[in-house]
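Taking it in order: structure first as structure tokens, then the write-up.
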Amino acid sequence: MQLVRVDAPGPWLEEARALFAEYWRSFGFTPCFQGFDRELEALPGAYASPRGALLLLPGQGCVAVRPLDAETAEMKRLYLRPAARGAGLGRALAIEQGFARLVLDTMAEQMPEAVALYRSLGFREAPPYLPEPTPGALCLELRLR
């Protein structure tokens with residue numbers, strides 16, 4: 001399995017955009033929800049920061065990590081195509097980037113498989129970590145050290 005770090009325009013970035021759009025369509029949210037349309041246009045955006053990452057598993061999935069502070073990063077947009085699920089690839093994509101804590105939010109009702117994956121990785125429920133949390137989202141955290 002070869003993870004590709006996407007930080008510049010090119011075919012990998014276009015594939016990451018396509019996977020992000022596929023991810024979004026999979027649970028039927030409108031593109032303006034959470035500013036997703038702007039995020040898609042700006043890729044790799046905040047994920048290309050020195051400690052952030054936009055990672056692609058070509059043809060199969062992607063994940064993004066964005067630093068919130070010196071100790072905490074937010075995992076975003078973990079998505080695997082249905083044919084790639086169940087083989088442990090999600091665990092491989094959910095990598096540590098040198099942070100002490102990894103947080104995420106998810107729409108538990110629309111994404112039960114994702115919640116099960118996060119819990120199997122050791123994520124636990126946590127209070128909202130952003131000043132304006134997504135209404136109805138389940139917040140989870142994983143202590144890395």
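The values are calculated or read from the model by the stated rules, or taken from the named source; none is laboratory data. If you're wondering where the values come from, they're calculated on a predicted model, not measured in any experiment. Glycine gets a Cβ as well: all are built from the backbone with ideal geometry, and neighbour counts include every protein chain shown.
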- Message: Can you tell me which residue is farthest from LEU144 (Cα to Cα) among those in region 111-120 that are surrounded by 14 or more Cβ atoms within 10 Å (Cβ to Cβ) and of a type outside the set (Gly, Ala, Ser)?
- Response: MET111
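If you go through region 131-145, how many residues are in a loop (DSSP other than H, G, I, E, B) and either surrounded by 14 or more Cβ atoms within 10 Å (Cβ to Cβ) or without any contact (Cβ under 8 Å) to a residue 24 or more places away in the chain (or both)?
Here is the first cut: in region 131-145, the residues in a loop (DSSP other than H, G, I, E, B) are 131-137, 144-145.
Now drop any that are not either surrounded by 14 or more Cβ atoms within 10 Å (Cβ to Cβ) or without any contact (Cβ under 8 Å) to a residue 24 or more places away in the chain (or both), which leaves 131-132, 134-135, 137, 144.
Count: 6.
Given the options GLY86, GLY98, name the one that is in a loop (DSSP other than H, G, I, E, B) and either among the basic types (Lys, Arg) or in contact (Cβ under 8 Å) with a residue 12 or more places away in the chain (or both).
Working: GLY86 fails: either among the basic types (Lys, Arg) or in contact (Cβ under 8 Å) with a residue 12 or more places away in the chain (or both).
Among GLY86, GLY98, only GLY98 is in a loop (DSSP other than H, G, I, E, B) and either among the basic types (Lys, Arg) or in contact (Cβ under 8 Å) with a residue 12 or more places away in the chain (or both).
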- Query: Considering region 27-83 alone, what residues qualify as being assigned to a loop (DSSP other than H, G, I, E, B), within 27 Å of GLY98 (Cβ to Cβ) and of a type in the set (S, T, N, Q)?
  - Reply: SER49, GLN60
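Does GLU125 satisfy being modelled with pLDDT of 85 or more, exposed (fewer than 15 other Cβ atoms within 10 Å of the Cβ) and in contact with a strand residue (DSSP E or B) (Cβ under 7 Å, 6 or more places away or on another chain)?
Values: modelled with pLDDT of 85 or more: yes; exposed (fewer than 15 other Cβ atoms within 10 Å of the Cβ): yes; in contact with a strand residue (DSSP E or B) (Cβ under 7 Å, 6 or more places away or on another chain): yes.
It is true that GLU125 is modelled with pLDDT of 85 or more, exposed (fewer than 15 other Cβ atoms within 10 Å of the Cβ) and in contact with a strand residue (DSSP E or B) (Cβ under 7 Å, 6 or more places away or on another chain).
Considering only region 91-110, I want to know if a residue exists there that is touching a Gly at 6+ places or on another chain (Cβ under 9 Å), of a type outside the set (A, V, I, L, M), surrounded by fewer than 19 Cβ atoms within 10 Å (Cβ to Cβ) and under 20 Å from PHE27 (Cα atoms). Steps first, please.
The initial filter retains those residues of region 91-110 that are touching a Gly at 6+ places or on another chain (Cβ under 9 Å), namely 93, 97, 107-110.
Now drop any that are not of a type outside the set (A, V, I, L, M), which leaves 97, 109-110.
Remaining after also requiring surrounded by fewer than 19 Cβ atoms within 10 Å (Cβ to Cβ): 97, 109-110.
Restricting the remaining residues to those that are under 20 Å from PHE27 (Cα atoms) gives 109-110.
Yes: one or more hits.
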